[in-house]
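The values are calculated or read from the model by the stated rules, or taken from the named source; none is laboratory data. Here the structure is a predicted model, which means the values were calculated and not measured. Quick reminder, even Gly has a Cβ in these numbers, built from the backbone with ideal geometry, and neighbours come from all protein chains shown.
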Amino acid sequence: MKRGVVGLAALSALVLAAAAATAGYFLRPMSPPERLESAPAVTRVPTVAQKFDDSRKVQVRLEKGADTRLLLNTAGVITATHCTKGGTIVSGSIVARVNESPILALSTAVPLYRDLTWGTKGTDVNALQRELVRLGFTTPVDGTFGRTTAKALSALWKSRGVDHEYGGITLAELVWMPGVELTVSSCDATLGVPVSPGGSLATVPGVLQRVVLDSAPADLVAGPRTLTVVDIAGPLSEHMDITDADTLAKIASNTLAQATLAVTPGETLPARIALTSPLTTIKVPLGTLFHVNGNTGCVQSGSDVFPVTIVSSSLGATLLTFDRPEHVPTEVNLGSAITRTECGQQ
């Protein structure tokens, strides 16, 4: 009996020892895999080309002018009118007749203030030519009233059912419009009413004159930019606004823009600005840069050093442009492989 107890105790001790040995084996520190032990440190990384347009979200304000009267430049009696309250007057249309002579409504960036004929030169001629082109008629835009401009003007008259043999245009035949399509607030010269130069044909609400950034973002990359508002894109000036007549006309015809113009002044709309021509940049890890000073620095490829300009940085990656775009390396040194401290060091 005593021998059996001793034997059982010995067996238990052996089992416990084996269990402890097994646990110790599994709890021992693991040696790294052979591949990890022999993997070299990363010292070179590839350069990756990436387009960059510096797109930013912004808010814009729509600024309109005061109500405008469309003025006649001739005397006589209104013998026909196409003006209706709440209707529209479109640039390039016959808006009325005075003593049976047709009156053409035209929107030009520079108000037409004189008769234009062969050989006339000036910014008003240039503005007329631009409007003729916008309306679909071919003419050079050179500020000189020549044969082609005269033919384009005659073609415009003919398209409106008027035979116009004169090779120019007189103020008496025109009503100037501050926008290409205007809604009429009131018709001021009705059928049969005598009129004189300077008399009002119609009154229209103030038109959109400018789209301006409510606040310009900081640290914008230099370069021409495009502003997109209500899905309409236009050139953003150095003053951070749009004054281009064609773009303003498109924006003004948008329902959301019209609703914004109708509310309290100062209301803003969401928009986006971006570089008109995106930059071709090189994307590298932040750790490849050295001798950084402001937005300039250096990268090293092998033993060669390249001056660069930092365009943007985020999430550990940096977008660069190289001072010599024709010499962009396919790889750059990283970490301990960077042996230089300055761009010009040999």
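Can you tell me which residue within the stretch 19-69, out of those that are polar (S, T, N, Q) and more than 30 Å from Val299 (Cβ to Cβ), is modelled with the highest pLDDT?
Looking at the filtered set, the residue picked out is Gln59.
Can you tell me which residue in the stretch 230-244 is nearest to Ala271 (Cα to Cα), limited to those that are in contact with a helix residue (DSSP H, G or I) (Cβ under 6 Å, 6 or more places away or on another chain) and outside any loop (DSSP other than H, G, I, E, B)?
Once the filter is applied, the top-ranked residue is Ile232.
Quick one: which residue in Thr74, Thr47, Thr79 is in contact with a helix residue (DSSP H, G or I) (Cβ under 8 Å, 6 or more places away or on another chain) and more than 24 Å from Lys250 (Cβ to Cβ)?
So the residue among Thr74, Thr47, Thr79 that is in contact with a helix residue (DSSP H, G or I) (Cβ under 8 Å, 6 or more places away or on another chain) and more than 24 Å from Lys250 (Cβ to Cβ) is Thr74.
Identify, from the list Ala218, Ala274, Ala222, Ala259, the residue that is of a type outside the set (Ser, Thr, Tyr), more than 25 Å from Ala109 (Cβ to Cβ) and part of a helix (DSSP H, G or I).
None of the other options fit; the residue is Ala259.
May I ask you to verify whether Val95 is closer than 26 Å to Thr243 by Cβ, in contact with a strand residue (DSSP E or B) (Cβ under 8 Å, 6 or more places away or on another chain) and buried (at least 17 other Cβ atoms within 10 Å of the Cβ)?
Spelling it out, Val95 is indeed closer than 26 Å to Thr243 by Cβ, in contact with a strand residue (DSSP E or B) (Cβ under 8 Å, 6 or more places away or on another chain) and buried (at least 17 other Cβ atoms within 10 Å of the Cβ).
With Gly294, Gly198 as the choices, which residue is modelled with pLDDT of 90 or more, surrounded by fewer than 14 Cβ atoms within 10 Å (Cβ to Cβ) and over 14 Å from the mean Cα position of the chain (by Cα)? Quick ask: steps written out before the conclusion?
On the way: Gly294 fails: modelled with pLDDT of 90 or more.
Going through Gly294, Gly198 in turn, the sole match is Gly198.
Go through the stretch 64-77 and report how many residues are farther than 15 Å from Leu104 by Cβ and assigned to a strand (DSSP E or B).
Looking only at that region, the number is 5.
Restricting to the stretch 91-124, give me the number of residues that are among the aliphatic types (A, V, I, L, M), at pLDDT 95 or above and within 30 Å of the chain's Cα centre (by Cα).
Result for the stretch 91-124: 1.
Six or more apart or on different chains, Cβ under 6 Å: which pairs go from a residue in the stretch 285-300 that's over 18 Å from Ser314 (Cβ atoms) and touching a residue at least 60 places away in the same chain (Cβ under 8 Å) to one that's of a type outside the set (Lys, Arg) and in a strand (DSSP E or B)? Could you list them?
That search, which allows pairs on different chains as well, returns nothing.
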